[in-house]
Every structure is written in C-alpha cells, then in structure tokens.
Amino acid sequence: MALGLEAKKEIVAEVSNVASEALSVAVAEYRGLEVADLTALRVKAREQGVYLKVIRNTLAKRALADSKFADLNSALTGPLIYGFSMDAPGGAARLFKDFSKENDKLQVTALSIGSGLLGPEKLDAVASLPTRDEALAKLLATFKAPVGKFVRTINEVPTKFARVLAAIKDTK
C-alpha cells in the first residue's frame, strides 16, 4: 500500500525528532531476514533502549538532512533498518553486532556517532563504547585511585612501626 503525503510527513517528522535526541545511529541491511527474526530484533532493541525503524531511504534522507547524522546520505542504499541509540552511544551498534552473530543476514552498512560517516569495519569500536553507567564508574575509579594509594601509604608508617615493636618484643 502506497503512503500518502501526510503519512510520509509524519514519518519524516518522527524520525527527525528521534535523530535529534539520539546519540548515534547504525544502519544495517536486512535482506533475507524472516519476520520472526525482525520481531526478535525489535524486542531486544526495546530492552536496550534502541529505536528501530524500517523506512524508505528517501524519507530517511529527508529526516536526517538537518541532523548531526546528515553524512549518512551516501550510504543509504538497499533495504535498510535504522537503529538510533538513545541511552548509550554504542547501543545500536552493540545490538546489531550481537544479533548478526546469530543471524548472518543482517549486515551493518554504516554507523555515525555524530562526527562523520563510519564504515562497517568500525562496528567493533563503536559497539565497545561504554554505557553512561560504565563511563561514570571508570571515572569514579580514576578519581578514587590516587586517594586510596595515599591512604595506604600513610597507613603503612604506623603499621611498620608496630611490626618493628612486635619483632623487638619477640626477640627479647
């Protein structure tokens, strides 16, 4: 069934709104996937905070034209599914990478984290980006490490003194 002009405008507005809030986008070709596989992918995407959408490439080009993902236009060919990461920059890439391990018909064609077009060879790098909680935990550990080292160093002086006294007591 053909889409009317109003339906196309709604789709472009929806995707444009999502793209303005997204941290990154991953685009994959889904040629040959069965409906059950796509449904499973959508369920996993909802659980991981990834917005998935299958739309026409011409509508996607219009929706992404004024966003930070406008550089994807050259990679939008073929039947594509768009994954927008809403919570973590590597969310959609991680989702597509994990799903393609089980189903080789899903092929990532392009990625963008807002700083230019990335090819499919960068999938592992983008998928390994930490989530917000992981990044905060690493930052906190970095701040905590020097303080902990200082406290252990200061604590070592009285501990050594106590050991020396215990050794003298044992010898006498």
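The values are calculated or read from the model by the stated rules, or taken from the named source; none is laboratory data. Everything numeric in this text was worked out from a predicted model, so none of it was measured. In this analysis, Cβ positions are derived from the backbone assuming ideal geometry, glycine residues included, and neighbour counts consider all displayed protein chains.
Observations on the structure shown:
- Segment 28-66 - residue that is farther than 19 Å from K105 by Cβ and surrounded by fewer than 12 Cβ atoms within 10 Å (Cβ to Cβ) and, of those, modelled with the lowest pLDDT: D66
- Residue check, A40 under 27 Å from A135 (Cβ atoms) and not hydroxyl-bearing (S, T, Y): no
- Which numbered condition E121 misses (of (1) surrounded by 10 or more Cβ atoms within 10 Å (Cβ to Cβ); (2) closer than 30 Å to R94 by Cβ; (3) at pLDDT below 85): (1)
- Selection status of S20, closer than 14 Å to F84 by Cβ, of a type in the set (S, T, Y) and in a loop (DSSP other than H, G, I, E, B): no
- Here L106, L76, L95, L129 are screened, and the one residue that is closer than 30 Å to I55 by Cα and at pLDDT 85 or above is L95.
- Selected residue [more than 23 Å from G32 (Cα to Cα) and assigned by TED's automatic domain parsing to the domain that holds A36] from L136, L140, L118, L106: L118
- Which listed residue, of I81, I113, I154, is modelled with pLDDT of 85 or more, aliphatic (A, V, I, L, M) and more than 30 Å from A2 (Cα to Cα): I154
- Flag if R31 is in contact with a strand residue (DSSP E or B) (Cβ under 9 Å, 6 or more places away or on another chain), basic (K, R) and assigned by TED's automatic domain parsing to the domain that holds G78: yes
- Failed item in (1) outside any helix (DSSP H, G or I); (2) crowded, with 21+ Cβ neighbours inside 10 Å, with L95 passing the rest: (1)
- Residues (in a loop (DSSP other than H, G, I, E, B) and within 17 Å of the chain's Cα centre (by Cα)) located in segment 34-57: G49
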